[in-house]
1. Going residue by residue through the stretch B:65-85, is there one that turns out to be in contact (Cβ under 8 Å) with a residue 12 or more places away in the chain and more than 22 Å from B:His37 (Cβ to Cβ)?
2. Kindly provide the set of residues from the stretch A:221-243 that are modelled with pLDDT under 95 and either aromatic (Phe, Trp, Tyr) or surrounded by 19 or more Cβ atoms within 10 Å (Cβ to Cβ) (or both), ordered by number.
3. Just checking, which of B:Val144, B:Val160, B:Val70 is more than 10 Å from chain A (Cβ to nearest Cβ), out of contact with any Leu (no Cβ under 9 Å at 6 or more places or on another chain), closer than 30 Å to A:Pro243 by Cβ and aliphatic (A, V, I, L, M)?
4. Go through B:Val69, B:Val100 for me and flag whichever is farther than 23 Å from A:Ala28 by Cα and β-branched (Val, Ile, Thr).
5. Residue check: is B:Arg115 within 14 Å of another protein chain (Cβ to nearest Cβ) and either more than 30 Å from B:Glu189 (Cβ to Cβ) or modelled with pLDDT under 95 (or both)?
6. Select from the stretch A:194-220 the residues that are touching a residue at least 40 places away in the same chain (Cβ under 8 Å) and of a type in the set (S, T, N, Q) and write down the one among them that is surrounded by the most Cβ atoms within 10 Å (Cβ to Cβ).
7. Considering only the stretch A:73-83, how many residues are touching a Lys or Arg at 6+ places or on another chain (Cβ under 9 Å) and either crowded, with 24+ Cβ neighbours inside 10 Å or more than 10 Å from chain B (Cβ to nearest Cβ) (or both)?
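The values are calculated or read from the model by the stated rules, or taken from the named source; none is laboratory data. Only a predicted model underlies this, so the values are computations on that prediction, with no experimental measurement involved. Cβ placement follows ideal geometry from the backbone for every residue including glycine, while neighbour counts extend to all protein chains displayed.
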There are 2 protein chains.
Amino acid sequence: MASPRWIKAISNALNVPENKGKVVYQVATVDSHNLPHVRSQIHRGFITPKGSPNLPLLMTSTDARSPKVVQMLSTPSVELAWWMEGSQDQFRISGRAFIVPPPDHAFHIMSDVPRGTALAVLDEKGEEGQEGGKFDWEKKRREVFASMKPEMKASWCIPVAPGSIIPSYDEVKKWPNSVPNIDEASTAEDKNNWNEALSNFVLMVIEPVQVDWVQLAPRPNRRTRFSRTDDAVFEWIEDILVP
Amino acid sequence: MASPRWIKAISNALNVPENKGKVVYQVATVDSHNLPHVRSQIHRGFITPKGSPNLPLLMTSTDARSPKVVQMLSTPSVELAWWMEGSQDQFRISGRAFIVPPPDHAFHIMSDVPRGTALAVLDEKGEEGQEGGKFDWEKKRREVFASMKPEMKASWCIPVAPGSIIPSYDEVKKWPNSVPNIDEASTAEDKNNWNEALSNFVLMVIEPVQVDWVQLAPRPNRRTRFSRTDDAVFEWIEDILVP
């Protein structure tokens, strides 16, 4: 089973110089009142299960305390819009979101890998290009965390949840503004901050089941929908649509 | 009652040279199964009701036949994310969407101006800076339509709904690729195309009730939430949040 054509299309679009740095997409969720929410997220790469290039997953990250995590645990269906202005491509990806919290986190029990999914294939077979079998979610979570900038890491060790009301903009200055890598942590405080930040850091893994690709550069415009079959074959069916 | 600070923040961000052309935001809706959807939309400007600078509305447009229109008629709550990469500002705006179809369109009866809203104030008082009283929705719809590029106008006169399956990309070539302005329409076909496109063209007017502004450029980052009171005063309450 080959890679779906949409993943090549995304790679091609990302490689166009005009799309440099276009790794931000907007992820929509629904809350417990069935109201829509959407925010920008940074794409942290694709993960492909070993032997299944047809099942690429998208990875992004967030704070375990942010409202979207609760929204996704209760309604895992999400849709994201990835607009690449430079090449005038829009990828709308809908699918299932899966939260990867620390192993001892209260959310862990709510986030068993769902059966019959690409996530389950990844869980069982591991990642393409990596040694070993069963996928190590915690290792991946720590790797992605370690790759973040020190200022970004600091955002996860603020003792108050994101979105909480504070008396002034200066309030944030009370908390760490940078968390160095654990190898470079020279003080007990740095180490505590690292652990605190890591305890709030979660991966969001998105398993696409439909991709709607609109190309606004060619005349006439083109629109293609890729839909994954629901059987164990996980085949991608391609339809050409009116733009 | 003054303009809310968030609208000045958006104007300021749009005026930064690095944000030139950043008039695309992603609008999230929910469908009848309570699943989230999101797509890029072009901002077509603000409308402010006469005498109520505190009640700016956002305007964008679409095709009456697109799935999001049905979604918004059934669940008018929407949220949009406006990411201005150049200045590293994100505005998340949640509120109510209102569809403005042609007067004789089947959706018209479903889209009465809701009472006790900024939309109702606009409907009654008209637009700031314009003559006359009651707002002329059809005039505004025609004005915005007339401002579109000829190629864009052509998209609304495709006889098949957007998102319909077609046999090939070339199928689109059977339909008009450009609809000139009605003043320049030289043939009966041009005139028919204009009318056909206009009959499918709808405005989406979004009435903000909450704006969440994240500034990623300043250190430390800043986050501010503006919430509108639900009474007739329509006051904007400002809270500083953990980013």
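1. Looking through the stretch B:65-85, at least one residue is in contact (Cβ under 8 Å) with a residue 12 or more places away in the chain and more than 22 Å from B:His37 (Cβ to Cβ).
2. A:Phe234
3. Step by step, each of B:Val144, B:Val160, B:Val70 is checked, and only B:Val70 is more than 10 Å from chain A (Cβ to nearest Cβ), out of contact with any Leu (no Cβ under 9 Å at 6 or more places or on another chain), closer than 30 Å to A:Pro243 by Cβ and aliphatic (A, V, I, L, M).
4. That would be B:Val100, the only listed residue that is farther than 23 Å from A:Ala28 by Cα and β-branched (Val, Ile, Thr).
5. Against the criterion (within 14 Å of another protein chain (Cβ to nearest Cβ) and either more than 30 Å from B:Glu189 (Cβ to Cβ) or modelled with pLDDT under 95 (or both)), B:Arg115 does not qualify.
6. A:Asn200
7. 6
To keep it simple, each residue is scored yes or no on (1) out of contact with any helix residue (DSSP H, G or I) (no Cβ under 7 Å at 6 or more places or on another chain); (2) crowded, with 21+ Cβ neighbours inside 10 Å; (3) touching a residue at least 40 places away in the same chain (Cβ under 8 Å); (4) assigned to a strand (DSSP E or B).
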| position | (1), (2), (3), (4) |
| --- | --- |
| A:Glu18 | yes, no, yes, no |
| A:Val27 | yes, yes, yes, yes |
| A:Ser32 | no, no, yes, no |
| A:Phe91 | no, yes, yes, yes |
| A:Ala97 | no, yes, yes, yes |
